[in-house]
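What follows is one structure encoded as structure tokens, with my remarks underneath.
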Amino acid sequence: MNFKVGVIRGDGIGPEIVEEAVKVLNKAGEAFGHTFSYEELLLGGASIDAHGIPLTEETVARARECDAILMGSIGGDAKTSPWYQLEPSKRPEAGLLKIRKELNLFANLRPAVLYEELEGACPLKPELTQGGFDFMIMRELTGGLYFGERKTVEENGVLTAYDSLTYNEKEIRRIAVRAFDIARKRRKKVTSVDKANVLDSSRLWRKVVEEVAKEYPDVEMEHMLVDNCAMQIVKNPKQFDVVLTENMFGDILSDEASMVTGSIGMLASASLNDTKFGLYEPSGGSAPDIAGKGIANPIATILSAAMMLRFSFDLDKEADAIENAVAKVLKEGYRTIDIMSEGCTQIGTKEMGDKICERMQ
Ligand code: NAD
Ligand code: IPM
Ligand code: MN
């Protein structure tokens, strides 16, 4: 079959890591008899440079025509990049938030998987992680603080800034249903994370999640306060299956979770709406500190491409082939610098992409 994939190369390391994911996708296509046609789209800093704004209406329209989108990270160094001289609504990140909202990508899946082979790259004590772990952060992506009313006012010479956190029942229900559906296909446990001891939005979150949980008697549900969750991720990551949470908590917890899997360069992500369409991107940023050096880890982007095959195109075998190839290369001891440990062979971004392609033979 032929699939039309929108490609947003992004900024910083974005183009380097996307190149490897495209290579791996093409390899999977060759091996299984599919073709991918690519539609190049601009978002973030690259779009500001070309059009003066981080996302154009034309790009949104072209994105809608694609079957799915593969994206590298966007953004730059806030201290040195001219993009951050622009008003906040014209900066790279505003483009990312806009495309998530425009395409209604409310469900963000971030799989935190510690491959057994990477136990050496995990900063936790070996007894906590022996045998690896595998949990899924289900982050609400189009509500909460990111999309609430925002303003800065000056009263009597004093500046006050407001960011409001709102959720309605419908927004909570649809993400909760997704989380329970996914848990049903996994180890049947949902940990719903909130701050219900302080926030009204979290108390509503809890109420709605409890209603949804009643529809899934076969799935165990527990509530956990977000501060405790942050601690439990480093204390006992194996306890989690699906972690369901709101936008900002999910952003922070997923970076924390990435580090216990060895590196932010390992954490894939899928942003989904109610259809088969999805936007697939690594969870980490554009890493301006290592951009252009050929050392970034492309695995999160490659695993995001595998998620695209699985969720948007129903190509499970093909996704398995990519994931197995990644595991093989890690087993053979090849590492980018961020996951390097003693006795392993350090390779660059391109070599990692090549090795993964070779192992898919
Ligand atoms: P970052 O994730 O870019 O970098 C944090 C650290 O992780 C850096 O030391 C970086 O070198 C390292 N790192 C990240 N990805 C890596 C990879 N694939 N391989 C090896 N090391 C990797 O976070 P930041 O520095 O806070 O943000 C930089 C820019 O990225 C900002 O403009 C931010 O807004 C943007 N950002 C974009 C996205 C996205 O597009 N989804 C996500 C997060 C941050
Ligand atoms: C992420 C990023 C984005 C977010 C930024 C760049 C707006 O950190 O995808 O995790 O906070 O959602
Ligand atoms: Mn983030």
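The values are calculated or read from the model by the stated rules, or taken from the named source; none is laboratory data. Remember, it's a predicted structure, so these values are computed and weren't measured experimentally. Note that each Cβ is placed from the backbone with ideal geometry, even for glycine, and that neighbours are counted across all protein chains shown.
Numerical summary
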item: One residue from GLY143, GLY120 being surrounded by 10 or more Cβ atoms within 10 Å (Cβ to Cβ) and farther than 27 Å from ASN247 by Cα; result: GLY120
item: Criterion violated by VAL113 - all others in (1) under 26 Å from GLU40 (Cβ atoms); (2) in contact with a strand residue (DSSP E or B) (Cβ under 9 Å, 6 or more places away or on another chain); (3) surrounded by 16 or more Cβ atoms within 10 Å (Cβ to Cβ) satisfied; result: (1)
item: Residue, nearest to the chain's Cα centre (by Cα), within the stretch 242-271, restricted to residues that are part of a strand (DSSP E or B) and within 14 Å of ligand 2 (Cβ to nearest atom); result: ALA270
item: Counted residues, the stretch 144-157 - those being part of a helix (DSSP H, G or I) and hydroxyl-bearing (Ser, Thr, Tyr); result: 1
item: Sole residue being farther than 21 Å from ARG100 by Cβ, buried (at least 19 other Cβ atoms within 10 Å of the Cβ) and touching a helix residue (DSSP H, G or I) at 6+ places or on another chain (Cβ under 6 Å), chosen from VAL242, VAL226; result: VAL226
item: First in the stretch 144-160 and in contact (Cβ under 8 Å) with a residue 40 or more places away in the chain, second anywhere and among the hydroxyl-bearing types (Ser, Thr, Tyr) and surrounded by 13 or more Cβ atoms within 10 Å (Cβ to Cβ), Cβ under 8 Å, 6 or more apart; result: GLY144/THR166; GLY144/TYR167; GLY144/SER201
item: Helices (runs of 4 or more DSSP H) contained entirely in the stretch 2-109, each with at least 3 residues that are within 16 Å of ligand 2 (Cβ to nearest atom) and surrounded by 16 or more Cβ atoms within 10 Å (Cβ to Cβ); result: 14-32, 45-51, 92-102
item: Scope the stretch 295-318; condition away from ligand 1 (no atom under 16 Å from the Cβ), in contact (Cβ under 8 Å) with a residue 40 or more places away in the chain, farther than 10 Å from TYR280 by Cβ and assigned to a helix (DSSP H, G or I); matching residues; result: LYS317, GLU318
item: Candidates LEU141, LEU114 - the one that is under 24 Å from the mean Cα position of the chain (by Cα), away from ligand 3 (no atom under 16 Å from the Cβ) and of a type in the set (A, V, I, L, M); result: LEU114
item: Residue that is assigned by TED's automatic domain parsing to the domain that holds ILE252, in a loop (DSSP other than H, G, I, E, B), of a type in the set (Ser, Thr, Tyr) and surrounded by fewer than 19 Cβ atoms within 10 Å (Cβ to Cβ), where the choices are THR166, THR160; result: THR166
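Here is a yes/no grid of residues against (1) assigned by TED's automatic domain parsing to the domain that holds PHE36; (2) surrounded by fewer than 23 Cβ atoms within 10 Å (Cβ to Cβ); (3) of a type in the set (Phe, Trp, Tyr):
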{"site": "SER202", "(1), (2), (3)": "no, no, no"}
{"site": "VAL208", "(1), (2), (3)": "no, yes, no"}
{"site": "GLU215", "(1), (2), (3)": "no, yes, no"}
{"site": "ALA287", "(1), (2), (3)": "yes, no, no"}
